[in-house]
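J.: Submitted below is the structure of interest, expressed as structure tokens.
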Amino acid sequence: MALRSILVIPEKKLRLVSEPVAGIDASVRALVADMFETMYEAPGIGLAAIQVGEPRRVVTMDLARKDEPRQPQVFINPEITWSSETLNVHEEGCLSIPEYYEEVERPAEVKVRYLDLEGQPLEVHASGLLATCIQHEIDHLNGVLFIDHLSKLKRDRVVKKYSKVARRAAE
Ligand code: GNR
Ligand code: NI
């Protein structure tokens, strides 16, 4: 297992469309282990593989509260098969956009088909935080960030701020 560094905007890789996992082999299991280590250390409640630079359709998640036992979940090749018409607003953050939080409107409930780490096809009917988080992570697999759901004014302001931070760091 290894702690990986998390890519931060304006890193171009975050805009890649990730490739489906063809078979769950040792490299996928190693990636998942690294992602959990990195996600727990950050700390975050979800992580998409592209955030550690791997353009593969792999998501890790743990929605347990701090005072609860860990509930690690893995979603491989997740696909939304149904979205509710009812929308929900939830405040979101992203490890790739550190210390920026904003309310995002998304379908309140979704059904998601995916493979678990054994390659078993499963479907989950998600609501609440799980619905928000799984949609946020599937967006990452498609090169989409939560700021893309905000007004252009807000998005441009955030991107500009982080571009400035990156330029200063490069000096
Ligand atoms: O840690 C995270 N918290 C969070 C809060 C609300 C909605 C989505 C998230 S996911 C985020 C970690 C992350 O960037 N995953 O891609
Ligand atoms: Ni994110």
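J.: From the set of residues in the stretch 13-38 that are among the acidic types (Asp, Glu) and under 22 Å from residue 97 (Cα atoms), which is least open to solvent (accessible area, probe 1.4 Å)?
T.: Checked the stretch 13-38; the qualifying residue least open to solvent (accessible area, probe 1.4 Å) is 34.
J.: Within the stretch 50-79, count every residue that is farther than 14 Å from residue 129 by Cβ, crowded, with 17+ Cβ neighbours inside 10 Å and not aromatic (Phe, Trp, Tyr).
T.: The total comes to 13.
J.: Can you tell me which residue in the stretch 107-132 is least open to solvent (accessible area, probe 1.4 Å), limited to those that are charged (D, E, K, R) and assigned to a strand (DSSP E or B)?
T.: Here the residue is 111.
J.: Which pairs do you get when a residue that is without any contact (Cβ under 8 Å) to a residue 40 or more places away in the chain, found in the stretch 152-165, comes within reach of a residue that is among the acidic types (Asp, Glu), reach meaning Cβ atoms under 7 angstrom, with the pair 6+ apart or on two chains?
T.: 155/148
J.: A follow-up question, please. Checking residue 35 against (1) within 13 Å of ligand 2 (Cβ to nearest atom); (2) in contact (Cβ under 8 Å) with a residue 40 or more places away in the chain, only one condition comes out false. Which one?
T.: Residue 35 satisfies every listed condition except (2).
J.: Here is a check on your reading of the model: is residue 104 open to solvent by less than 20 Å² (accessible area, probe 1.4 Å), in contact with a strand residue (DSSP E or B) (Cβ under 8 Å, 6 or more places away or on another chain) and away from ligand 1 (no atom under 15 Å from the Cβ)?
T.: No.
J.: What number of residues within the stretch 146-168 are in a helix (DSSP H, G or I) and within 16 Å of ligand 2 (Cβ to nearest atom)?
T.: The total comes to 8.
J.: Listed residues 118, 79, 109, 68; which is closer than 22 Å to residue 28 by Cα and free of Cβ contacts under 8 Å to residues at least 60 places away in the same chain?
T.: 79
J.: Identify the single condition in (1) open to solvent by 30 Å² or more (accessible area, probe 1.4 Å); (2) within 16 Å of ligand 1 (Cβ to nearest atom); (3) among the aromatic types (Phe, Trp, Tyr); (4) more than 16 Å from residue 60 (Cα to Cα) that residue 82 does not satisfy, given that it satisfies every other one.
T.: That leaves (2) as the condition not met.
J.: Pick from 95, 47: which is at negative phi, buried (at least 22 other Cβ atoms within 10 Å of the Cβ) and near ligand 1 (Cβ under 10 Å from one of its atoms)?
T.: 47
The values are calculated or read from the model by the stated rules, or taken from the named source; none is laboratory data. As the structure is a prediction and not an experimental result, all values here were calculated from the model. Reconstructed Cβ throughout: ideal geometry from the backbone, glycine too, with neighbour counts over all protein chains shown. We work out accessible area using only protein heavy atoms, side chains counted, and drop any ligands, DNA or RNA first. Shrake-Rupley method; radii C 1.70, N 1.55, O 1.52, S 1.80 Å.
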